[in-house]
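Since the structure comes first, as structure tokens, the remarks are kept for the end.
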Amino acid sequence: MADAKTDRSFYRNYYREIDVLHGLQSAPEERDWLLTTPKGDVKQSDIVLYLGCNVMRTTHLVRTVMDVFKLLDVNFAAVGGAAYCCGIQHHQRGDEASAKSVAATTAANFRRFQPEQVVMWCPSCIFFYDDIMDMREDFAFQHVTEYLVQNLDKLDLKPQPETTVSLHYHAGRPQSDAEAQSALTLLRALPGVTVRDIGGDERFGRHCTPAVRQQMGPEAWDEMSNQWVQKAVDAGADTYATLYHGCQRHMCSLEADYPVRVEHYLTLVGRALGIEYEDQYKKHTLSGNTDAILAETAPCAVANSIPLEEAREVIGRVFPTR
């Protein structure tokens, strides 16, 4: 385990990068999700939509899931960001005491809304609360894919131009398998969508993360990723749909190399509901032009009080020149 000073530096930099990327994609007045814990009493919500931290890097997905839940006409509150960390980052760094404390604090913040259940977006969060913390008896929770399948009859899905989709998903764990099958059910319910199930690969781990890529080795991981996109192309897919936000971040660059669109499954669901937000993360990844990205995102940076030099540094690091 790293020493306390190193840990503080890691967490500060880790969450700051998320905040900056989120701040480059949305102005404060555009957000109706909570990034801080409310002071005083909070309004009761039947559902807490728990976004987690890393999805903020792909803000179009936050906007999409928010709009989908609004169409479901459910009484919900959406929370995310560092203030609602699940604790898995601390757990992965061997700081079990902090991990348990962070998890307990976030769970207590869920209970403030007096929800019937918590719907979790992030696979790491649901893994940590379920497999590591064993908190199923503390509060009811499920993954967003499972919740949407249960409420599929409430979604007025409109026909879209015909497309053939293969889903990139993660296999080998009961919860992962349930989430994959739920996502496939959602895609198969979309009018105009044909699904070609090409299977999953346990080597990808629980979901696509820098840690998994590093453990496997960047070259081996990239080769495997390319093989699966090619498998989708060979199956006749023109869309390679990702299941998790981390997968979308890691896979979206392959759109430049293969005749497929790389889109998150919820983007396709949202499109059938009249919901469409540009995937700015993919756009910037494919661009790799720091000056152009900064020029486009500067208004949001200013609105969020992000120094432009800091914005430039983060852009250059996250979206390297192609």
Verdict on residue 112 being out of contact with any helix residue (DSSP H, G or I) (no Cβ under 9 Å at 6 or more places or on another chain), among the charged types (D, E, K, R) and either surrounded by fewer than 17 Cβ atoms within 10 Å (Cβ to Cβ) or under 24 Å from residue 39 (Cα atoms) (or both): yes
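Kindly indicate which of 46, 73, 41, 67 is among the acidic types (Asp, Glu) and under 24 Å from residue 135 (Cα atoms).
The unique qualifying residue is 46.
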Complete set of residues in the stretch 283-303 that are buried (at least 18 other Cβ atoms within 10 Å of the Cβ), over 27 Å from residue 260 (Cα atoms) and not aliphatic (A, V, I, L, M): 300
Scan of the stretch 50-69 for residues that are assigned to a strand (DSSP E or B) and either more than 10 Å from the chain's Cα centre (by Cα) or at negative phi (or both), ordered by number: 50, 51
Residues (within 18 Å of residue 170 (Cα to Cα) and surrounded by fewer than 24 Cβ atoms within 10 Å (Cβ to Cβ)) located in the stretch 255-270: 263
Qualifying positions in the stretch 271-282 - open to solvent by 60 Å² or more (accessible area, probe 1.4 Å) and in contact (Cβ under 8 Å) with a residue 24 or more places away in the chain: 271, 274, 277, 278
Residue selected from the stretch 185-213 under the condition part of a helix (DSSP H, G or I) and among the charged types (D, E, K, R), by the criterion least open to solvent (accessible area, probe 1.4 Å): 213
Boolean, residue 146 is farther than 28 Å from residue 228 by Cα and either among the acidic types (Asp, Glu) or surrounded by 12 or more Cβ atoms within 10 Å (Cβ to Cβ) (or both): no
Residue in the stretch 214-228 that is farther than 26 Å from residue 89 by Cα, buried (at least 16 other Cβ atoms within 10 Å of the Cβ) and small (Gly, Ala, Ser) present: no
Residue 275, sole failed condition from (1) over 18 Å from the mean Cα position of the chain (by Cα); (2) of a type in the set (Val, Ile, Thr); (3) within 20 Å of residue 30 (Cα to Cα): (1)
Some residue of the stretch 224-234 being among the aromatic types (Phe, Trp, Tyr), closer than 23 Å to residue 203 by Cβ and not in a loop (DSSP other than H, G, I, E, B): yes
From the options 223, 309, 296, 255, residue that is over 16 Å from residue 23 (Cα atoms) and free of Cβ contacts under 8 Å to residues at least 24 places away in the same chain: 223
Members of the stretch 153-182 that are farther than 21 Å from residue 250 by Cα, open to solvent by 40 Å² or more (accessible area, probe 1.4 Å) and outside any loop (DSSP other than H, G, I, E, B): 153, 154, 174, 181
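The values are calculated or read from the model by the stated rules, or taken from the named source; none is laboratory data. The shown structure was predicted, so the numbers you read here are calculated from the model rather than taken from an experiment. Methodologically, a virtual Cβ is constructed for each residue, glycine included, from the backbone with ideal geometry; neighbour enumeration extends over all protein chains shown. Just so you know, the surface numbers come from the protein's heavy atoms only, side chains and all, with ligands and any DNA or RNA stripped out. Shrake-Rupley method; radii C 1.70, N 1.55, O 1.52, S 1.80 Å.
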